[in-house]
Amino acid sequence: MFSQKDGVLTVEDVPVTEIVEETGTPVYITSRARLEENTRAYREAFPDAGLLYAVKANNNLALMKIISSQGFGADVFSDGELYLALLAGFKKERILFNGNSKSREEIEIGIVSGVKFSVDSLDELKTISEVAKEYGKEVEIAFRINPDVDPKTHPKIATGLKESKFGLPHNMAVEAYRVALELDGVVPVGIHCHIGSQILELSPFVHALNRVIDIAAEIEKEGVELNFVDMGGGLGIDYEGKGSPSPADFAKAILPEFERRKSELGSDPQLWLEPGRSIVGNTTILLTRVNAVKKGYRNFVAVDAGFNLLIRPAMYGAYHRVAVANKMDRGAEETYTIVGPICESGDVLARDRKLPKVEPGDLVAIFDAGAYGFVMSSQYNGRPRCAEVLVSGDRWDVIRERESYGDLIVKQKIPEWLL
Ligand code: LLP
């Protein structure tokens with residue numbers, strides 16, 4: 001999907017130079033074929049599972065429409081994500097409302113929308129029960145369990161360690177289900193956990209699954225009938241070109257264990273997964289233009305996108321492959337550090353990369369920017385956000401327009417006494 005023609009990076013059949021002539025830079029560019037390849041890989045690997053796309057990874061409506069049309073449900077983490085997911089065509093029956101700090105208003109919106117909830121605390125359970133009763137509804141819930149499993153990933157994206165803020169400690173789970181069984185308005189039908197993100201080793205998933213099934217067996221004794229066991233998302237992708245497990249590898253590791261352990265249960269729950277990054281991560285590049293090249297302590301290449309548009313390198317020290325998109329047929333000549341235009345020393349996109357000779361005006365592509373890219377962007381330093389483009393074969397469409405100065409002042413108000 002990402003190749004080159006006459007030295008120019010192409011996305012499917014479109015040279016990126018053709019796109020930037022119209023959109024300018026920076027711009028996020030997504031390959032539809034790659035996205036569909038990813039959704040298909042999951043569907044083939046897990047034909048019987050419930051697949052919920054984690055909307056937080058990328059909530060562009062056009063991309064979510066493609067994902068929902070491939071039979072995916074959605075994991076949403078806020079009322080805003082719920083709004084976007086419904087707009088993109090995800091069916092309410094296949095939406096799970098996650099989150100560790102839901103407001104009463106958010107809970108109300110979720111209940112009125114008719115989605116299921118993953119409940120993070122007993123306080124939240126009580127609120128859901130109260131609101132459900134007000135509306136005369138019965139809400140299907142799962143508890144988010146903290147299994148205390150080390151996912152062997154970056155500490156900022158490990159979510160199932162005992163010190164993490166997410167979920168109920170696993171030794172409190174049975175009591176929580178007991179409470180839920182006693183309350184009106186809530187029906188416990190599932191169990192949920194999510195151990196972290198960008199996980200490249202599969203054993204932590206199996207470990208967590210075993211913890212969760214141990215609890216499932218306990219809560220069945222209390223009278224819970226389980227419809228689903230949701231193991232969350234977290235499968236890592238190949239940012240560094242060193243390989244990563246595919247959905248098929250993931251299935252090979254987890255499905256036999258799921259089937260084996262499920263036979264110990266009285267009920268017949270469906271396995272649910274909530275992939276985000278492994279659906280959208282490698283579908284998209286962020287294309288930037290070089291403003292200046294400066295030889296100093298390092299060989300700096302200053303481009304027009306920084307952590308305002310892709311925060312992952314600054315926030316997690318994340319590695320993204322880069323290439324000079326208009327010199328794809330040239331060999332590496334020098335070592336460069338790619339920096340953005342933001343007024344912070346931490347605004348480094350890629351450190352010490354061997355690239356062809358870089359000059360002002362060149363285009364630098366940052367790969368695997370489809371997950372937690374645009375969604376985590378900001379207008380810091382007064383920079384309007386960039387456009388997003390979707391390529392399908394030889395056609396391309398703008399799927400989000402570049403923001404303007406007007407967007408920098410949307411919703412701002414100057415008090416009358418200052419006018
Ligand atoms: N389900 C739940 C409950 C989650 O919290 C997450 C991600 C997912 C599913 C999807 O995980 P994935 O398949 O994408 O790994 N901004 C960070 C990642 C934060 C992940 C938050 N939760 C990054 O850029 O690496």
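Summary of computed values
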quantity: C-alpha long axis of helix 247-262 to longest principal axis of the chain, angle in °; calculated: 10 degrees
quantity: Cα-based shape type of the range 239-359, given that a ≥ b ≥ c are square roots of the gyration tensor eigenvalues and the cut on a/c is 1.5; calculated: prolate
quantity: Local net charge near Phe307, Cβ-Cβ under 11 Å (Lys/Arg +1, Asp/Glu -1); calculated: 0
quantity: Under 27 Å from the Cα of Lys102 - lysines, other chains or at least 8 residues apart; calculated: Lys56, Lys65, Lys91, Lys92, Lys116, Lys126, Lys133, Lys137, Lys156, Lys162, Lys165, Lys411
quantity: Sparse-neighbour loop sites [GluC sites (Glu not before Pro); the range 323-406; at most 15 other C-beta within 10 Å; DSSP]; calculated: Glu333, Glu344, Glu401
quantity: Sorted largest first, extent of the range 291-375 alpha carbons per principal axis (Å); calculated: 32, 26, 20
quantity: FRET efficiency, 1/(1 + (r/R0)^6) with R0 22 Å, evaluated for Met315 and Lys357 via beta carbons; calculated: 0.15
quantity: Long-range amide H partners of Trp272 with built H, under 5 Å; calculated: Gly50, Val229, Asp230, Met231
quantity: Largest to smallest accessible area among Asp123, Asp214 [probe 1.4 Å]; calculated: Asp123, Asp214
quantity: ³J(HN,Hα), Karplus 6.51/-1.76/1.60, whole Hz, each residue of the range 78-85, x for Gly, Pro; calculated: 6, 5, x, 5, 4, 4, 5, 5
quantity: Those GluC sites (Glu not before Pro) in the range 152-260 that DSSP places in a loop and that have at most 10 other beta carbons within 10 Å; calculated: Glu163
quantity: Accessible area of the range 344-419 belonging to carbon and sulfur atoms, whole % at 1.4 Å probe; calculated: 51 percent
quantity: Degrees, to the nearest 10: 104-113 long Cα axis against longest axis of the chain; calculated: 80 degrees
quantity: Percent RCO, i.e. relative contact order, over the chain, from Cα pairs under 8 Å lying at least 6 residues apart; calculated: 19 percent
quantity: Accessible area in square angstrom per residue, the chain, 1.4 angstrom probe; calculated: 44 Å²
quantity: Candidates Gly281, Gly361, Gly160, ranked by Gaussian network fluctuation over the chain, Cα under 10 Å, top entry; calculated: Gly361
quantity: Partner aspartates and glutamates for Lys5 [C-alpha distance under 18 Å; skip if fewer than 8 residues away on the same chain]; calculated: Asp13, Glu18, Glu21, Asp329, Asp362, Asp394
quantity: C-alpha long axis of helix 32-45 to longest principal axis of the chain, angle in °; calculated: 30 degrees
quantity: Per-residue SASA entry for His170, accessible area with 1.4 Å probe, Å² rounded to 10; calculated: 60 Å²
quantity: DSSP-defined antiparallel bridges as percent of all bridges, the range 98-275, nearest 5; calculated: 5 percent
quantity: Overall form of the range 98-275 per C-alpha gyration tensor (a/c, 1.5; a/b vs b/c); calculated: prolate
quantity: Volume in Å³ per residue [convex hull over Cα atoms, computed for the range 322-413]; calculated: 144 Å³
quantity: Rg/Rg_globular for the chain, with Rg_globular taken as 2.2 N^0.38 Å and Rg from C-alpha atoms; calculated: 1.05
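The values are calculated or read from the model by the stated rules, or taken from the named source; none is laboratory data. Note that the coordinates shown come from a computational prediction; the quantities given were computed from them, not determined experimentally. With ideal geometry, Cβ positions are generated from the backbone for all residues, glycine too; neighbour counts draw on all protein chains shown. With ligands, DNA and RNA removed, areas are computed over all heavy atoms of the protein, side chains included. Shrake-Rupley method; radii C 1.70, N 1.55, O 1.52, S 1.80 Å.
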